[in-house]
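A quick write-up on the structure given underneath.
Only the coordinates and a few stated rules stand behind these numbers; no lab work does. As the structure is a prediction and not an experimental result, all values here were calculated from the model. All Cβ positions, even for glycine, are placed from backbone atoms using ideal geometry, and neighbour counts span all protein chains on display.
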Amino acid sequence: MSSSSILRLGVLGSGRGSNLAAIGRAIEESRLAAKLVAVLSDQPGARILDLGQQFGARTECIPSPTPRGRLDAQTEEKFVGVLREENVDLVVLAGFMRIVGPVFLAAYPRRIINVHPSLLPKHRGSNAAAQALAAGDTMTGCTVHYVDEGVDTGEIIAQREVPIQPGDTADSLQARIQAAEHELLPAVIATFARHE
């Protein structure tokens, strides 16, 4: 951890940044003893970058030459370079639609966490709410886990259940899962802040 007593967070995302907003609110309301120091995206114009600026974090878009999937090593090095410049203690993947690899994992061993919209190990990958509905599940939820080289395969840290209601669509279910994510993710980060 950095020399200061406040956990320094780097958040990576590809979209709207609703989980970043939840983290920022938790910090502002003193529920989370952390500082947002870097908000990075692979998508130019991603709303998460605007949110990061509002929270006073360094923001940067680092596009990848590959349209989806795993980041190439050179792009990973660029992400890691910015995070190191900002002395980031914990890397949070919040809607980051990329798979990180050896460069990231070597730079931040057991220091990268991800939030995923299912009760892992069920329904890894994208469209987890639709997967849960298609499987006929009656319960789903969200998971915060350590990141490894697989897709949503890392060690589970915490989960929150969300019941599937009659008439749920993928969109309505996803909205309730996101609400659970917005509670769970800041709470998990707070445990890192307390136990460093």
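Structure notes:
- For segment 155-175, the residues whose backbone nitrogen is under 20 Å from a point 7 Å from the Cα of Thr138, taken along Cα to Cβ, are 160-170, 173-174.
- Computed from backbone phi with θ = phi - 60° and the Karplus coefficients 6.51, -1.76 and 1.60, the 3J(HN,Hα) list for segment 54-63 is 4, 8, x, 8, 5, 10, 7, 9, 10, x Hz; x is used for glycine and proline.
- Amide hydrogen neighbours beyond the local backbone of Thr59, cut-off 5 Å, H modeled: Val39
- Amide hydrogen proximity for Thr140: with H placed 1.01 Å from N in the peptide plane, the residues at 5 or more positions away or on another chain lying under 5 Å are Val162, Ile164.
- Helix 73-85 axis, angle to the chain major axis (alpha carbon atoms, nearest 10°): 60
- For segment 106-119, backbone phi angles converted through the Karplus equation (6.51, -1.76, 1.60; θ = phi - 60°) give residue-by-residue couplings of 6, 6, 9, x, 6, 10, 10, 10, 9, 10, 10, x, 7, 8 Hz, Gly and Pro being listed as x.
- On Cα atoms only, tilt of 170-195 relative to the major axis of the chain in degrees: 40
- Amide H to amide H distances under 5 Å link Met97 with Ser14, where only residues 5 or more positions off or on other chains count and H is placed in the peptide plane.
- Translational diffusion coefficient of the chain (Stokes-Einstein, Kirkwood radius from Cα pairs, 4 °C, 1.567 mPa s): 77 µm²/s.
- For Ala46, neighbours were defined as the other residues whose beta-carbon sits under 13 Å from its Cβ, and their charges (Lys and Arg +1, Asp and Glu -1) total 0.
- Contact order normalised by residue count of the chain, Cα under 8 Å, 6+ apart, percent: 21
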